[in-house]
Amino acid sequence: MKKIMFLIEVALLLIVFGCESNSISNILNKLEFNQAVGIYTINIKHSENNGSSLLLFGSTSNLKKDTFEKLNKSDITITLSNEKKDEIEFSPDDIEWELTDQNFLVEGFSIRLNSDRILGLEKLGFDKIKIKLRSKTFKKNISPVYLQFYSGEENGISVMESPISPKNVTALNKEYSYSYKILDSNHIITSNIKAELIYPKEVKSFIEIVTIEVNPDIYAEEEIKEEFRNKVDKKILKELKVYEIKCNYIIKKKENIVFQPEIKLLYNNKEQSLAPFTPISFFNF
């Protein structure tokens, strides 16, 4: 009798497991990656300690938060590839699924892919994605995903604020702006500072950075000094400087754009590269 009950329990577990697997398969089959282009910039030096990641966006219907909890617990692998047969595989532990804010992307989701194996790649692009759940494989085309790398110094200059989306609805061929905040914690920058944004020419048919303005941000600087007044040595706080990099841009195509360029700073007859810690995404049309 015990043996029969055991077999019944196993059979029921297999049925439940099979139903859940089919449910996840149905979800994966409906996913659509609708970003038109993505550029991601990775700091090789910093990423050796902190890990590297890409953030992909897409949309589907009738997804709920608990659905993404299931996806995060499932045995899914993802592989990015291209026609040249370059590829990188992400294991289940490398993948983070999330439902996006509906004000940001209607019926949207994001996948963050984390892996130090990204660092072994050269500057290239991917346009195919393969999602595998045990014996089932889902192959989908994605619009180009471009990776670019740089080796940045750890000298106290860093990006302290990086927007994830523009503040307002954007129209085609009209100039707008967004800003990065740069923290110089050691007052290394002692001369006029300029900046450039570096990104592939292929991306310029979607978004063009027209002009860049760099100015001291006294308000943000004073806010930080006040917040840490009794927590950090006065000499350290006195050296601290904050700069705003205002990027004036034009959107050329009404397409979903994910934009994480390299920020090149020019100061003291030197060059230094930084990268925003998250991309800005243009979905709001």
Quick one: ASP94 ticks every box in (1) free of Cβ contacts under 8 Å to residues at least 40 places away in the same chain; (2) open to solvent by 90 Å² or more (accessible area, probe 1.4 Å) except a single one, so which number is it? (2)
For the stretch 264-282, give me the residue count where each residue is part of a strand (DSSP E or B), open to solvent by 20 Å² or more (accessible area, probe 1.4 Å), touching a residue at least 60 places away in the same chain (Cβ under 8 Å) and out of contact with any Lys or Arg (no Cβ under 7 Å at 6 or more places or on another chain). 1
Give just the number: which of (1) touching a strand residue (DSSP E or B) at 6+ places or on another chain (Cβ under 7 Å); (2) farther than 18 Å from GLU87 by Cα does PHE138 not satisfy? (2)
Restricting attention to the stretch 156-185, the residues that are modelled with pLDDT of 90 or more, open to solvent by 60 Å² or more (accessible area, probe 1.4 Å) and not in a strand (DSSP E or B) number exactly 4
Any residue at all in the stretch 64-71 that is in contact (Cβ under 8 Å) with a residue 40 or more places away in the chain and either farther than 20 Å from ASN34 by Cβ or open to solvent by 40 Å² or more (accessible area, probe 1.4 Å) (or both)? yes
List every residue pair whose Cβ atoms lie under 7 Å apart, where the two residues are 6 or more positions apart in sequence or sit on different chains, the first residue falls within the stretch 127-138 and is buried (at least 16 other Cβ atoms within 10 Å of the Cβ), and the second residue, located anywhere, is among the charged types (D, E, K, R) and part of a strand (DSSP E or B). ILE129/LYS140
Within the stretch 247-261, identify whether any single residue is farther than 15 Å from ILE207 by Cα, at pLDDT 90 or above and either within 19 Å of the chain's Cα centre (by Cα) or not in a loop (DSSP other than H, G, I, E, B) (or both), and answer yes or no. no
Residue count for the stretch 205-229, restricted to those that are open to solvent by 90 Å² or more (accessible area, probe 1.4 Å) and either within 20 Å of the chain's Cα centre (by Cα) or among the acidic types (Asp, Glu) (or both): 4
Considering every residue within the stretch 220-242, establish whether at least one is touching a strand residue (DSSP E or B) at 6+ places or on another chain (Cβ under 9 Å), under 22 Å from LYS167 (Cα atoms) and part of a loop (DSSP other than H, G, I, E, B). no
Which of (1) in contact (Cβ under 8 Å) with a residue 40 or more places away in the chain; (2) buried (at least 17 other Cβ atoms within 10 Å of the Cβ); (3) in contact with a strand residue (DSSP E or B) (Cβ under 6 Å, 6 or more places away or on another chain) is the odd one out, the single condition LYS246 does not satisfy? (2)
Condition check: surrounded by fewer than 17 Cβ atoms within 10 Å (Cβ to Cβ), touching a Gly at 6+ places or on another chain (Cβ under 9 Å) and at pLDDT below 90. Does GLU32 satisfy that? yes
Mind checking whether some residue in the stretch 170-180 is farther than 30 Å from ASP101 by Cβ and under 24 Å from the mean Cα position of the chain (by Cα)? no
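The values are calculated or read from the model by the stated rules, or taken from the named source; none is laboratory data. A quick note: this is a predicted structure, and the numbers were derived from the prediction, not measured. Glycine also receives a Cβ, built like all others from the backbone with ideal geometry; neighbour counts cover every protein chain displayed. Just so you know, the surface numbers come from the protein's heavy atoms only, side chains and all, with ligands and any DNA or RNA stripped out. Shrake-Rupley method; radii C 1.70, N 1.55, O 1.52, S 1.80 Å.
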